[in-house]
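Chemist: Take this structure, written in structure tokens, and hold onto it; I'll ask about it next.
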Amino acid sequence: MRRTGFILAGFAVLLSACTEGQLAVPSSEEQGGVVIMLSSDESTNAVPSMKAGGGDASSETDLPDIDDFEVEIYSLSSGWRLYRDTYANTVGKTIALNAGEYRLLAQHGDSLGIGFNSIWYAADTQFTVHGQTTEEISAVAKMSKVKVAIEYGPNLMQKYSQYHSRVRLDGSSSRYLRFEKDETRAGYLPAGSLGYEFYVNVEGDWMYYPAAPVECSPNDFITFHVELDLGSGSLKVVTVRVDDSMEEVLNEETIPAEAAPKDPPAITLSGFDDNNSYSFIEADGAALAQADIVAKGGIKSCVLGIESEYLSALGVPASVDLTASESLDDAVVEALRSVGMRWPRSMEGVRFANVDFTSSADVLKYDKEASVPFSGTFTLMVTDELDRQAAATFTVTNNEPETPAFAPAEGNAFAKRFKGFTASITKGNPAAIGIQYSTDGTDWTTVYPESVSDGTATFADITGLAPETQYQVRAIYNENEDYATVPVTLTTEAAAQVGNAGFEEWHSVRLYHQSVLWATNDIYGYYFWPESALEESRWWDTSNGTTTPDPGSSSVWDYRSASGVVPTADEGNTASYHLRTHDGQSSLTTEGHNGNAVEIATVGWGTGNSWISESSTPSNRTAGCLVMGTYGSENYGKDFSSRPTSVTFWYKYHSYNGETTTPYVELFDVDNNRVGYGSMQITASAYSYVQARIDIGYTSLSKAVRMTVVFPSTDSSSPSTKAVQGSYSAFAGYLDSRHIGSILTVDDVELIYE
């Protein structure tokens with residue numbers, strides 16, 4: 001048999017670098033040189049002479065001109081392509097490369113196509129470049145696809161008048177080559193698993209006979225010999241690989257006459273009801289709504305009949321052949337896609353396909369102003385290659401959604417967020433409900449639900465708002481302006497702060513004074529507002545009124561009357577100073593976090609106390625307490641109409657006897673119902689300032705009218721104290737010995753609204 005092909009001999013390689021055309025010049029020690037010389041050799045096992053059905057199956061494809069070959073060089077280490085040009089521009093050129101391993105690819109034609117002229121020649125070889133050396137490498141460019149011919153036997157040709165063959169690649173529904181009965185040319189397919197199928201019209205019915213697939217390699221020439229056994233009616237298919245020395249039988253198969261499939265095409269509707277109807281609301285469609293097509297004989301045509309005023313108004317004709325999608329008018333394709341219809345780009349010859357309306361609910365909005373909403377009756381007619389048919393008629397309808405139910409109230413508007421929004425719907429998908437807000441009623445921001453249940457959409461807090469600002473809010477279904485609620489105006493609260501948050505404003509009042517022969521003693525009450533402040537500007541109150549009763553005629557006032565809440569600026573009267581000075585607790589300091597702070601201590605007080613012994617027991621032990629508002633009142637707290645999300649403050653803590661303390665925040669509505677609460681527990685001593693945060697949870701969206709922040713020195717209902725002897729006056733501390741328990745020091749309270 002005649003051999004045709006090309007030899008690539010003595011090539012030398014190119015510049016080196018990271019990308020094509022931008023290669024670094026190699027050093028002289030690393031550089032190698034090659035000259036590529038490509039010549040033809042008319043001998044290859046890929047193009048033998050072969051007869052099929054008495055004709056010439058070879059039908060020689062013209063060999064490409066050597067100069068038209070594309071030459072490429074790749075680095076094996078990096079995979080980068082280092083050179084690409086035609087052989088005409090490469091021949092005779094010396095090309096430089098660093099020493100290393102490389103790949104040469106010279107090719108011409110279509111490597112992936114299937115057809116009678118889809119030939120591909122390629123040479124693919126690896127080589128090594130040595131420094132300071134010119135290499136000569138040869139490679140042969142061969143036909144690198146599988147060449148296929150069909151040969152029909154005389155019995156078959158005499159028996160039947162209508163028949164053809166298909167050779168299918170890797171079982172693909174669309175990648176095959178069809179050979180008509182009088183086709184004498186050889187065809188070309190990529191290497192892989194090739195399956196032969198014989199189609200024949202027997203007494204008016206088309207049948208096909210599939211043979212077992214065979215594995216084929218590049219440069220193979222495969223011939224399928226097909227003959228009919230007149231006695232049994234069976235079909236004999238002999239698959240032969242041809243080379244220049246022999247014919248190798250790869251497969252021999254006898255297929256009984258009854259093996260031909262008789263099934264016509266079938267259409268199955270998924271997502272349609274018993275009446276072949278599919279109705280949807282925008283954003284609320286079925287998980288799958290499609291007509292599934294099975295055509296084992298391959299689809300010849302797929303005609304969709306359309307009865308739809310909506311689509312007719314868009315210029316869609318009464319029927320379209322979906323197998324001719326590429327020839328359909330672009331406007332028709334766009335109109336069909338605008339209602340969510342999808343179908344395969346290529347249907348001709350495939351065995352499985354579908355016409356899909358699943359996307360309709362996602363892409364189509366209901367138009368209230370349209371004269372006719374989308375609805376259509378479709379008739380799908382599928383014809384296979386054997387001229388067998390299947391048909392199905394179905395309807396698709398876009399139903400109207402409804403406007404969501406949404407009732408925003410002033411209580412939803414906090415200072416910098418909306419909280420507690422819900423919206424519901426009975427017809428449609430609650431997940432498609434959006435809450436929109438705007439300051440001008442034109443530029444809307446949309447948020448979607450955090451969760452949905454039983455038709456109700458629940459929204460997370462909408463943050464990032466500006467305080468004391470009017471917003472318009474509305475609910476909208478699927479961003480369809482026809483189904484939006486009437487906007488409601490809500491005004492965000494002020495991001496108000498508590499007064500005297502750093503406790504810089506305070507004053508003291510001398511409650512009692514006593515002068516005896518050996519000393520003078522004074523008892524002070526402390527108030528955390530300016531001395532001349534009006535009632536409404538008094539933000540903080542203390543437990544000092546409880547722990548500083550009139551001591552009567554007793555001369556030992558420090559046992560009977562003591563302020564537990566003291567500004568740190570009055571250091572000498574703080575509990576921390578007393579413990580540091582008289583009890584050796586050097587870690588207890590009295591500086592504020594920023595300026596003055598407030599010290600809140602548990603103290604012992606009342607009659608019957610004795611300073612003489614550390615085992616003495618005060619008649620009363622009271623936790624120090626600082627509160628926003630009025631201490632001890634039934635409706636304690638301060639008038640306050642903003643609702644913060646949290647409270648931060650800086651603190652130090654001295655825990656006595658393992659006690660803990662829990663600062664907390666409460667907010668109340670006009671009916672004195674608690675609407676917000678938060679707390680945090682301090683469980684260990686901290687002798688340097690630590691920032692704490694109390695997050696506030698709201699159980700009601702009622703507007704707040706009053707708030708309190710409470711800082712106790714201990715959680716204990718029976719707090720402990722330590723008797724600490726002083727040093728002032730007679731008997732080494734007659735006047736300044738004290739009973740002291742846990743101490744909480746607080747500074748820089750801030751309300752957070754983020």
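Chemist: Can you tell me which residue in the stretch 544-584 is farthest from residue 710 (Cα to Cα), limited to those that are aliphatic (A, V, I, L, M) and at pLDDT below 90?
Modeler: Among residues in the stretch 544-584 that are aliphatic (A, V, I, L, M) and at pLDDT below 90, the one farthest from residue 710 (Cα to Cα) is 556.
Chemist: Follow-up question, since we're still on this one. Checking the conditions here, which among 701, 626 is out of contact with any Leu (no Cβ under 8 Å at 6 or more places or on another chain) and buried (at least 20 other Cβ atoms within 10 Å of the Cβ)?
Modeler: 626
Chemist: Hey, another quick one. In the stretch 434-453, what residues are among the hydrophobic types (A, V, I, L, M, F, W, C) and closer than 14 Å to residue 481 by Cα?
Modeler: Of everything in the stretch 434-453, those that are among the hydrophobic types (A, V, I, L, M, F, W, C) and closer than 14 Å to residue 481 by Cα turn out to be 435, 444.
Residue-by-condition table, conditions (1) within 14 Å of residue 668 (Cβ to Cβ); (2) assigned by TED's automatic domain parsing to the domain that holds residue 738; (3) modelled with pLDDT of 95 or more; (4) aliphatic (A, V, I, L, M):
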site	(1), (2), (3), (4)
596	no, yes, yes, no
601	no, yes, yes, yes
608	no, yes, no, no
624	no, yes, yes, no
628	yes, yes, yes, yes
637	yes, yes, no, no
642	yes, yes, yes, no
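Chemist: Looking at the stretch 402-417, which of the residues that are surrounded by fewer than 23 Cβ atoms within 10 Å (Cβ to Cβ) and of a type outside the set (Gly, Ala, Ser) is nearest to residue 162 (Cα to Cα)? Outline the logic, then answer.
Modeler: Going through the stretch 402-417, the residues surrounded by fewer than 23 Cβ atoms within 10 Å (Cβ to Cβ) turn out to be 402-403, 405-407, 409-412, 415-417.
With the extra rule that they be of a type outside the set (Gly, Ala, Ser), the set shrinks to 402-403, 406, 410, 412, 416-417.
On the way: 402: 59, 403: 62, 406: 69, 410: 81, 412: 78, 416: 80, 417: 77 Å.
Across the stretch 402-417, the extreme among qualifying residues is 402.
Chemist: Let me ask another. Would you point out which residue out of 439, 395 is surrounded by fewer than 20 Cβ atoms within 10 Å (Cβ to Cβ) and not assigned by TED's automatic domain parsing to the domain that holds residue 469?
Modeler: It is 395.
Chemist: Could you list, in sequence order, all residues of the stretch 76-103 that are more than 43 Å from the chain's Cα centre (by Cα), of a type in the set (A, V, I, L, M) and part of a strand (DSSP E or B)?
Modeler: Once the filter is applied, which keeps residues that are more than 43 Å from the chain's Cα centre (by Cα), of a type in the set (A, V, I, L, M) and part of a strand (DSSP E or B), the stretch 76-103 yields 95, 96, 97.
Chemist: Among the numbered criteria (1) farther than 24 Å from residue 676 by Cβ; (2) touching a strand residue (DSSP E or B) at 6+ places or on another chain (Cβ under 9 Å); (3) without any contact (Cβ under 8 Å) to a residue 24 or more places away in the chain, which one does residue 443 miss?
Modeler: Result: residue 443 passes all but (2).
Chemist: In addition: Kindly evaluate residue 478 against the criterion of being more than 30 Å from residue 592 (Cβ to Cβ), of a type in the set (S, T, N, Q) and surrounded by 18 or more Cβ atoms within 10 Å (Cβ to Cβ). Give the derivation first.
Modeler: Working: more than 30 Å from residue 592 (Cβ to Cβ): yes; of a type in the set (S, T, N, Q): yes; surrounded by 18 or more Cβ atoms within 10 Å (Cβ to Cβ): yes.
Taking the combined requirement at face value, the residue satisfies it.
Chemist: Sticking with this one: Only one residue in 653, 664 is hydroxyl-bearing (Ser, Thr, Tyr) and under 27 Å from residue 561 (Cα atoms). Which one? Steps first, please.
Modeler: Numbers: 664 fails: under 27 Å from residue 561 (Cα atoms).
Within the list 653, 664, the selection yields 653.
Condition check ((1) out of contact with any helix residue (DSSP H, G or I) (no Cβ under 9 Å at 6 or more places or on another chain); (2) modelled with pLDDT of 95 or more) across all residues:
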{"residue": "325", "(1), (2)": "no, no"}
{"residue": "336", "(1), (2)": "no, yes"}
{"residue": "360", "(1), (2)": "yes, yes"}
{"residue": "368", "(1), (2)": "no, no"}
{"residue": "384", "(1), (2)": "yes, no"}
{"residue": "390", "(1), (2)": "yes, yes"}
{"residue": "398", "(1), (2)": "no, yes"}
{"residue": "418", "(1), (2)": "no, yes"}
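Chemist: Across the stretch 491-533, what is the total count of residues that are of a type in the set (A, V, I, L, M) and modelled with pLDDT of 80 or more? Before the answer, list the steps.
Modeler: Pass one, the stretch 491-533, residues of a type in the set (A, V, I, L, M): 494-496, 498, 501, 509, 511, 516-517, 519, 523, 533.
If we keep only those that are modelled with pLDDT of 80 or more as well, we get 494-496, 498, 501, 509, 511, 523.
Of the residues in the stretch 491-533, 8 are of a type in the set (A, V, I, L, M) and modelled with pLDDT of 80 or more.
Chemist: Could you grab me the full set of residues in the stretch 136-169 that are buried (at least 21 other Cβ atoms within 10 Å of the Cβ), within 12 Å of residue 181 (Cβ to Cβ) and among the polar types (S, T, N, Q)?
Modeler: 165
Chemist: If you go through the stretch 395-425, how many residues are without any contact (Cβ under 8 Å) to a residue 60 or more places away in the chain and on the phi > 0 side of the Ramachandran plot?
Modeler: 0
Chemist: Further, regarding this structure: Quick one: in the stretch 48-98, of everything that is within 30 Å of residue 181 (Cβ to Cβ) and in contact with a strand residue (DSSP E or B) (Cβ under 6 Å, 6 or more places away or on another chain), which residue is modelled with the highest pLDDT?
Modeler: The qualifying residue modelled with the highest pLDDT is 57.
Chemist: Residue by residue through the stretch 188-205, note down the ones that are under 49 Å from the mean Cα position of the chain (by Cα) and buried (at least 22 other Cβ atoms within 10 Å of the Cβ).
Modeler: Hits for the stretch 188-205 are 188, 189, 194, 196.
Chemist: Sticking with this one: Sort out for me the strands (runs of 3 or more DSSP E) sitting completely within the stretch 147-191 that have 2 or more residues that are within 14 Å of residue 239 (Cβ to Cβ) and not hydroxyl-bearing (Ser, Thr, Tyr).
Modeler: Here the list reads 163-169.
Chemist: Also: Which condition from (1) within 34 Å of the chain's Cα centre (by Cα); (2) of a type in the set (A, V, I, L, M); (3) part of a loop (DSSP other than H, G, I, E, B) is the one that residue 533 breaks?
Modeler: The single condition residue 533 does not satisfy is (1).
Chemist: Go through the stretch 206-292 and tell me which strands (runs of 3 or more DSSP E), entirely inside it, have 1 or more residues that are surrounded by 13 or more Cβ atoms within 10 Å (Cβ to Cβ) and modelled with pLDDT under 90.
Modeler: The qualifying strands (runs of 3 or more DSSP E) are 221-228, 235-242, 247-255.
Chemist: Quick one: which strands (runs of 3 or more DSSP E) sit completely within the stretch 670-754 and have at least 2 residues that are of a type in the set (S, T, N, Q), closer than 23 Å to residue 651 by Cβ and touching a residue at least 60 places away in the same chain (Cβ under 8 Å)? Can you show your working first?
Modeler: Numbers: elements: 674-679, 686-695, 706-712, 722-724, 738-752.
Output list reads 738-752.
The values are calculated or read from the model by the stated rules, or taken from the named source; none is laboratory data. Please read these numbers as outputs of a predicted model, since none were measured by experiment. So basically every Cβ, Gly included, is an ideal-geometry build from the backbone, and we count neighbours across all protein chains shown.
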